[in-house]
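Worksheet: the structure to be examined is printed underneath.
Read-outs throughout are calculated quantities, based only on the coordinates presented, and are distinct from any laboratory measurement. These numbers come from a predicted model, not from an experiment. As a convention, Cβ positions derive from the backbone with ideal geometry for all residues, glycine included, and neighbour counts pool all protein chains shown.
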Amino acid sequence: MKKNFTGTGVALVTPFHKQGTIDFGSLEKLIEHTIGNGVNYLVVLGTTGEAATLSKDEKTALVQFVKEQVAGRVPIVMGLGGYNTQELVNQLQVIDLEGIDAILSVTPYYNKPTQRGLYLHYKHISSASPLPIILYNVPGRTSVNLSAETTLELARDFDNIIAIKEASGNFSQIMQIIRNKPKGFLVISGDDGITMPMIAAGAEGVISVVANAYPSTFSRMVKAAMDGKFEEARRLHYLLIPFIDSLFMDGSPGGIKAALDQMKIVQNNLRLPVVKVNKSVQNTISGLITDLRDNGIES
């Protein structure tokens, strides 16, 4: 199971029709675009998928559609996190996890638990989960940091906690985890822009936003870095960096949906409180797509 989550995972966006309903036709197109261009696994119901805006029934329908469309070709990771520990435990006891390969569980947000609270939160999830768990540390969104010490304690104490998606941007913390982690525990980049240097430091892949749009190129960059071919990895990294940066200039997933709309894969529709990027950023993204095309980068 642990080997399934090395390389490039893609945090799928959730396509919407203009009237706000889920656009399953575009989701099918996106799934085929990403799998067909070499990603290693898919992540559904993540932040990039606007999961916080989906109803319970919509989440169920979305996951079922993804499972049927993927048909076992790549592993599927499902986002399941929040600030109510008992509710997450309850969900793990009743939701259909058939066809799901792991859970991605973001740290509790809003209520700012202590490190001890974070440890106990994940301990309860671990005891209830029949699937491997990938921790998700993204303090820029949650306002709480899962420390290296707590991460390592969880990794050592619970066999089904198999990885962390690290999006703190704190290289000192990331390297402390990589240096001291138990054998087999994966450190996964949660930030496209620093994936290449994270792999150089010992990370084993990424859960990516940009791979929605450029799955082939980004997957090749990740594989080159993991194979120690850093000249090629750096070349692709620096080609993509301006585009990656543009995706977060005016909020995410607004940026990636703007790009996917121009590529005619997914319409540029979002759910409040997330809105479309402003016209200036839209023009920047459009220009960078043209620049990448001029450099032979299509996907």
For this session: Starting from the Cα of Lys181, draw a straight line to each of the aspartates and glutamates and keep only those under 12 Å, dropping any in the same chain fewer than 8 residues away.
Result: Glu149, Glu153, Asp157
Exercise. Under unit Cβ charges (Lys, Arg +1; Asp, Glu -1), what dipole magnitude, rounded to 20 debye, does the range 165-207 have relative to its Cα centre?
Worked result: 240
For this session: Work out the charge dipole of the range 2-227 with +1 on the Cβ of Lys and Arg and -1 on the Cβ of Asp and Glu about the Cα centre, then indicate which of Pro113, Thr217, Gly46 is farthest towards its positive end.
Result: Pro113
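Quick check on the chain: helices-only [θ] at 222 nm, where DSSP H runs of length 4 and up contribute -39,500 (n - 2.57) each and the sum goes over total residues. Nearest 500, please. Intermediate results must be reported in sequence, preceding the final value.
Working: 12 runs with 137 residues, N = 299.
It comes out at -14000 deg cm²/dmol, rounded to the nearest 500.
Using a simple charge model, +1 on the beta-carbon of Lys and Arg, -1 on the beta-carbon of Asp and Glu, nothing else, what dipole does the range 123-194 show about its Cα centre, in debye to the nearest 20? It would help to have the intermediate numbers written out before the result.
On the way: 7 positive and 7 negative charges, 19 e Å.
In debye, rounded to 20, the range 123-194 gives about 80.
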For this session: Using R₀ = 25 Å, calculate the FRET efficiency as 1/(1 + (r/R₀)^6) where r is the Cβ-Cβ separation of Phe171 and Asn111; round to 0.05.
Result: 0.35
Problem set entry | Dipole of the chain, positive end: most advanced residue of Leu97, Thr6, Leu30 [Cβ charges, Cα centre] | Thr6
Exercise. So, with +1 on the Cβ of K and R and -1 on the Cβ of D and E, and no other charges, what is the size of the charge dipole of the chain about its Cα centre, to the nearest 20 debye?
Worked result: 300
For this session: For Lys183, put the label point 7 Å out on the Cα→Cβ axis and report which residues of the range 134-159 keep their amide N under 18 Å from it.
Result: 155-159
Problem set entry | Most positive-pole-ward Cα, Ile174, Gly79, Gly287, against dipole of the chain from beta carbon charges | Ile174
For this session: Only residues of the range 222-247 count here: report those whose backbone N is under 12 Å from the spot 7 Å along Cα→Cβ of Asp291, or say none.
Result: 238-247
Problem set entry | Which listed pairs, of Lys67/Lys112; Lys56/Lys165; Lys18/Lys279; Lys223/Lys276; Lys183/Lys257, have C-alpha distances above 30 Å, in listed order | Lys67/Lys112; Lys223/Lys276; Lys183/Lys257
